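The values are calculated or read from the model by the stated rules, or taken from the named source; none is laboratory data. Because the structure is a prediction, the values reported are computed rather than measured. When we count neighbours, we look across all protein chains shown, and the Cβ atoms used for this are built from the backbone with ideal geometry, even at glycine. Quick note on the areas: whole protein, heavy atoms, side chains included, nothing else; ligands and nucleic acids left out. Shrake-Rupley method; radii C 1.70, N 1.55, O 1.52, S 1.80 Å.
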Amino acid sequence: MERYALLGWPVRHSVSPQMQGAGFRALGIEATYELIEVAPPDLDACVRRLRAEGYAGWNVTVPHKEAMAERMDAVDPAARAARSVNTVLHRGGRLCGHSTDGYGLAAAIRESFGIGIPGGRFLFLGAGGAARAASVAFACQGAAEIQIANRTIGKAEDVVRIIAEVAPHCRAAAFRPDDRAALAAAMARAQCLVQATSLGLHPGEPMPCDPACLPGTLAVMDMVYGGTPFLAAAARRGCPTADGRGMLLHQGVRSFEIWTGRPAPVAAMRRGLEEALEERRRRQAVEAAGDKHA
Ligand code: NAP
């Protein structure tokens, strides 16, 4: 029996076990996929334990992607450039780090909007770990232009510096999302906007930028899954839209392939993911109804 896991803090709401489990079952692979909550100070001990117990691999989510990159015996070039590891392969006693976020987002954008990465022009809202990993991967894959709007401008400028180093052909620029002139110009140039902030999960949070600036022709992909007020506003403006479930699926598909060395059963993994999201939505609706009556 092979053992896999997702490490994060927190991770209990993740639907990755159902998605990966569906993939393993479809190919007749005997494997488990656990959720492991690990606080940042405990990460070293956790990695030592997974090595010692012979886990075949694991995924990594917030807040450990950068720290995991520093604990690998080898890291693939895109993951090293982005300082972000979300997939670990444990083989022959060595830990190999990969980043599949860029692959997942690229596959989702292609699937949802028919937009390819080489020669493409992208606008990212946010410069956190996911935006950094994906935008650096896009630049490495030949994107022509990447603009990054982030509240903390220094983080967006850091990503622009990385892109200039690893993919000098790519035009990259940073600005603040409240700079309306820069935002409107970036939206007019981009083929696809990627909403990569964590805003939109909780009621009452601000919009990542003013949706009134959105041209109705701009494709909008929100990394958050389940739909956000920003994505709904983009749809009302006529933009083609998609939420983060395509990215979640395809980053998991790539992890599966890195671990097993076999083509992933994408349809089975998509079904596993959709069923788990539906189940989670039902549970949340019941909890919300319970809160109202409490
Ligand atoms: P992160 O490293 O914590 O970055 C968070 C980003 O959100 C930063 O750019 C941050 O800006 C911005 N932000 C947070 N609160 C804000 C506020 N009040 N006003 C303006 N900006 C704010 O998180 P991450 O790992 O990049 O993840 C970002 C989102 O993508 C999360 O919702 C995550 O669940 C989602 N995600 C989805 C997938 C998928 O497969 N669909 C994969 C990875 C991540 P500052 O830099 O200014 O703080």
Here are the criteria: (1) surrounded by 19 or more Cβ atoms within 10 Å (Cβ to Cβ); (2) over 22 Å from residue 149 (Cβ atoms). Tell me which single one residue 117 does not satisfy. (2)
Go through the residues of segment 211-220 one by one and say whether even a single one is farther than 26 Å from residue 118 by Cβ and either polar (S, T, N, Q) or in contact (Cβ under 8 Å) with a residue 60 or more places away in the chain (or both). no
Go through segment 37-67 and count every residue that is part of a strand (DSSP E or B) and open to solvent by 40 Å² or more (accessible area, probe 1.4 Å). 1
So, residue 133, is that one more than 23 Å from residue 184 (Cα to Cα) and within 15 Å of the ligand (Cβ to nearest atom) or not? yes
Residue hits (segment 140-167; assigned to a loop (DSSP other than H, G, I, E, B) and in contact with a helix residue (DSSP H, G or I) (Cβ under 9 Å, 6 or more places away or on another chain)) are 141, 143, 150, 167
Just for segment 68-108: of the residues that are in contact with a helix residue (DSSP H, G or I) (Cβ under 6 Å, 6 or more places away or on another chain) and open to solvent by 30 Å² or more (accessible area, probe 1.4 Å), which one is farthest from the ligand (Cβ to nearest atom)? 71
Yes or no: segment 9-16 includes at least one residue that is within 24 Å of residue 198 (Cα to Cα), open to solvent by 30 Å² or more (accessible area, probe 1.4 Å), modelled with pLDDT of 95 or more and of a type outside the set (Lys, Arg). yes
Those residues that are within 13 Å of the ligand (Cβ to nearest atom), touching a Leu at 6+ places or on another chain (Cβ under 8 Å) and open to solvent by 10 Å² or more (accessible area, probe 1.4 Å), I need them from segment 138-174; list them, please. 150
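When you look at residue 137, is it at pLDDT below 95, part of a helix (DSSP H, G or I) and touching a Ser or Thr at 6+ places or on another chain (Cβ under 8 Å), yes or no?
Considered against the rule, which asks whether it is at pLDDT below 95, part of a helix (DSSP H, G or I) and touching a Ser or Thr at 6+ places or on another chain (Cβ under 8 Å), residue 137 comes out as no.
Could you run through segment 179-199 and say how many residues are of a type in the set (Gly, Ala, Ser) and open to solvent by 20 Å² or more (accessible area, probe 1.4 Å)?
Of the residues in that region, 6 qualify.
Give the residues of segment 68-92 that are in a loop (DSSP other than H, G, I, E, B) and without any contact (Cβ under 8 Å) to a residue 24 or more places away in the chain, sorted by residue number.
Passing the criteria: 70, 73, 76, 92.
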Residues satisfying the stated conditions in segment 235-281, i.e. in a helix (DSSP H, G or I), within 16 Å of the ligand (Cβ to nearest atom) and of a type in the set (Gly, Ala, Ser): 246, 252, 255, 272, 276
Counting only residues that are within 18 Å of the chain's Cα centre (by Cα) and near the ligand (Cβ under 9 Å from one of its atoms), how many does segment 193-220 have? 8
Cβ-Cβ distance below 7 Å, separation of 6 or more or different chains: which pairs start in segment 227-254 with a residue that is hydrophobic (A, V, I, L, M, F, W, C) and end on one that is away from the ligand (no atom under 12 Å from the Cβ) and assigned to a helix (DSSP H, G or I)? 230/211; 233/211; 234/211; 242/112; 249/269; 249/270; 253/266; 253/269
